[in-house]
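Reading through the structure tokens given below for one structure.
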Amino acid sequence: MTVTAWTAAQVARKVIDNKELFILDVRNADAFEDWKIEGHQFEYLNIPYFELLDGVEEILPKIPTDKDVLVVCAKEGSSIMVAEMLSEAGLSVGYLEGGMKSWSMYLEPIKVGDLQDGGELYQFVRLGKGCLSYMAISGGEAAIIDAVRFTEVFTKFAEEKGVEIKHVFDTHLHADHISGGRHIAAQTGATYYLPPKDAEEVVFEYAPLTDGLTVQLGASQIEVGALYSPGHTIGSTSFVIDGKYLLTGDILFIDSIGRPDLAGLAEDWVGDLRETLYSRYRTLAEDLIVLPAHFMIIEELNEDGTVAKRLGELFAENHGLNVEDEEVFRSMVTDNLPPQPNAYQEIRHVNMGKITPDHDEQTEMEIGPNRCAVR
Amino acid sequence: MIKSDVQLDAKGLACPMPIVKTKKAIQGLDEGQVLEVIATDKGSKADLAAWAKTVGHQYIGTTEEGGVLYHYIRKCNPEASEQVEKTFEKTISNEEAVNGEGLILDVREAAEFAFGHIPGAKSIPMGELAARMDELDKARTIYVICRTGTRSDLAAQQLAEAGFTTIYNVLPGMSEYEGELEKEVK
């Protein structure tokens, strides 16, 4: 039968629209265990391609014929080989173009909501890596927060919307993915802001992102305001946009909270994390919609594909916001932490401008899940 | 340069080709011989190790030089298990050999030796032993070691037949050695 090439965008549609999909992942077991394409209604079979070199007969009974089947590998070569073998055996299957590499890079822009005076707020969901970036647009101008390294996605989007990128922010010095922030700023003439406490070692020029800083978009009243909220890093800063949305960076997620250890200072920063989550955020309006910089599990996605929830609901439901005892909290965020993100030290150095790896090296560094949270 | 019996150039090939070629190449090897696979696909390391484990060959290790990976795999026969009866009578444990006075003679292939051996051990691969026996001192105690005790069993017999008197086969061998390792690779 046939073999069809699927793009990462088509797979993203399946995730966001809650569709069924059968994924035959032919990477080795460790790679699959560590990181895979997550969907609400996806089924999986993991058989490494090197176990199928002599034929696919043995796995045929395990492959459904009543739903879409997608063969996935690291780059695509092995998935094409296996897909062709399945096709010769009479099945119609797809393979993912560019493999997990392209999945890791794909971004889906989804509108979060309207801002006053015709403004809009978009969330760019990087499904494969769990990274979330934001663009607020109004009156012909745009502000970008926590942009990932695929700068053209943002510059093209701004172009389509007919807006000029004026402000580019990073809520903190990222350790799990490479920031596109300063490159977007350089290309567009926008100002790039970074919290100075996270930027002691950076080797490029930036505008200091400090508590209380506000910028306005276009002629409208839409305000993007900074709120110092340390804990994941010492500089971590949140944003309140249009009095409606709270962008929490890597401090607070939907179903987890930030981890304080990625710069090697967990013991020092745990107090800041506690203070931010249990004091600073408590003074904010509970109707603010929390928009984090990451999601960890597919259950954190809403039905429309966005990752967003009322602050009040998080106060009630997020385990990390409900640990009364300070000592218990301290041990939760410093002991038994999940493994650190792939190449996180190198990624920090890239984001400081200290090293400039080429495109392929950057892709390698970012392979795997983001792991910025403690559940 | 690590010694191998057969070399396979898989440079520039993307997954799955390095493994497909390796599978083919290893069919031409004799049991116990070492295949060197030269590849540039970064994923080939994890995949070769996992593949070797699945099919029962011994993945020895990988070195990297200038963006090129050199993988070493020793052909094993999964049917003929490692449980072959060992007949040489005098045996001692890994610990006793390490703490003993004698010479540790490692009869594994050069590549296996390169990826980790007991500090101070002397390497003479099993296949070269007959020709290189004069490098050994007959008056000295010799502890013969390999990965699981099978090759060292044969080597100990050969040495005894050649007139060496104080020979021991070390069991269980390097597969269960957990002490300090000396390496000849980065």
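Decide, for the range A:136-239, between rounded, prolate and oblate: order the square roots of the alpha carbon gyration tensor eigenvalues as a ≥ b ≥ c, take rounded if a/c falls under 1.5, and otherwise choose prolate if a/b is larger than b/c, else oblate. Taking the square roots of the gyration eigenvalues as a ≥ b ≥ c, the range A:136-239 is oblate.
Helical runs (DSSP H, four residues minimum) scored at -39500 (n - 2.57) apiece and divided by the length of chain A put the mean residue ellipticity at 222 nm at -7000 deg cm²/dmol. For the range A:11-112, the residue among A:V82, A:V72, A:P61 whose Cα projects farthest onto the positive side of the dipole built from Cβ charges is A:V72.
Fewest-first ordering of B:S123, A:S78, B:S175 by other beta carbons within 10 Å of each residue's beta carbon gives B:S175, B:S123, A:S78. Simple point charges give the picture: +1 on the Cβ of Lys and Arg, -1 on the Cβ of Asp and Glu, and for the range B:91-176 a dipole about the Cα centre of about 80 debye.
Roughly how big is the protein assembly as shown's charge dipole about its Cα centre, with Cβ charges of +1 (Lys, Arg) and -1 (Asp, Glu), in debye to the nearest 20?
Once rounded to the nearest 20, the dipole reads 760 debye.
Entry for the range B:6-74 at q = 0.22, 0.26, 0.28 Å⁻¹: log10 I(q)/I(0) = -0.86, -1.24, -1.45, Debye formula applied to identical alpha-carbon scatterers, no solvent contribution.
Per residue, the convex hull spanned by the alpha carbons of the protein assembly as shown comes to 182 Å³.
Dividing the mean sequence gap of close Cα pairs (under 8 Å, 6+ apart) by how many residues the range B:91-176 holds gives a relative contact order of 36 percent.
The share of alpha-carbon pairs in the range A:107-374 lying farther apart than 28 Å comes to 27%. Each part gets one Cα centre, and for the range A:91-152 versus the range A:192-215 those centres are 24 Å apart.
Where the centroid of each part is defined by its Cα atoms, how far is the range B:1-43 from the range A:236-313 in Å? The range B:1-43 and the range A:236-313 have Cα centres spaced 49 Å from each other. Taking the Cα centre of the range A:137-253 as reference, the dipole from Cβ charges on Lys and Arg (+1) and Asp and Glu (-1) amounts to some 160 debye.
Residues B:M1, A:M365 in ascending order of nearby Cβ atoms (within 10 Å, fewest first): B:M1, A:M365.
Classify the range A:43-93 as rounded, prolate or oblate from the Cα gyration tensor: take a ≥ b ≥ c as the square roots of its eigenvalues, call it rounded if a/c is under 1.5, otherwise prolate when a/b beats b/c and oblate if not.
In terms of gyration-tensor shape, rounded.
Rounded to 0.05, the FRET efficiency of the A:T210 and A:K67 pair, given R0 = 60 Å and the Cβ-Cβ distance, is 0.70.
Would you mind checking the pairs B:K45/B:K122; A:K354/B:K42; A:K129/A:K166; A:K161/A:K197; A:K62/B:K23 and listing those with alpha carbons more than 31 angstrom apart? All intermediate terms of the calculation are to be shown ahead of the outcome.
Working: B:K45/B:K122 28 Å; A:K354/B:K42 24 Å; A:K129/A:K166 27 Å; A:K161/A:K197 34 Å; A:K62/B:K23 25 Å.
Checking Cα-Cα distances, A:K161/A:K197 exceed 31 Å.
When the square roots of the Cα gyration tensor eigenvalues are ordered a ≥ b ≥ c, the ratio a/c for the range A:191-320 is 1.5 or more and a/b does not exceed b/c, which makes its shape oblate.
Ellipsoid fit via the Cα gyration tensor, the range A:3-103: semi-axes of 19, 15, 13 Å, each the root of five times an eigenvalue, largest first. Rounded to the nearest 10 degrees, the inclination of helix A:151-161 to the longest alpha-carbon principal axis of chain A is 80 degrees.
May I ask you to derive the relative contact order of the range B:6-74, considering only C-alpha pairs under 8 Å and at least 6 residues apart, and to give it as an integer percent?
Values: 114 pairs, mean separation 24.1, N = 69.
Computed over the range B:6-74, the figure is 35 percent.
The share of C-alpha pairs in the range B:91-176 whose separation exceeds 19 Å stands at 25 percent. The 3J(HN,Hα) values that the Karplus relation (6.51, -1.76, 1.60; θ = phi - 60°) gives for the range A:143-150 are, in residue order, 10, 10, 10, 6, 5, 7, 6, 8 Hz. Gly and Pro appear as x. Pairs of Cα atoms nearer than 8 Å and 6+ residues apart set the relative contact order; for chain A it is 14 percent.
Just so you know, all these numbers are worked out from the coordinates, no wet-lab data involved. In this text, all values refer to a predicted model and were calculated from it rather than measured experimentally. Counting neighbours? That spans all protein chains shown, and the Cβs are built from the backbone with ideal geometry, glycine included.
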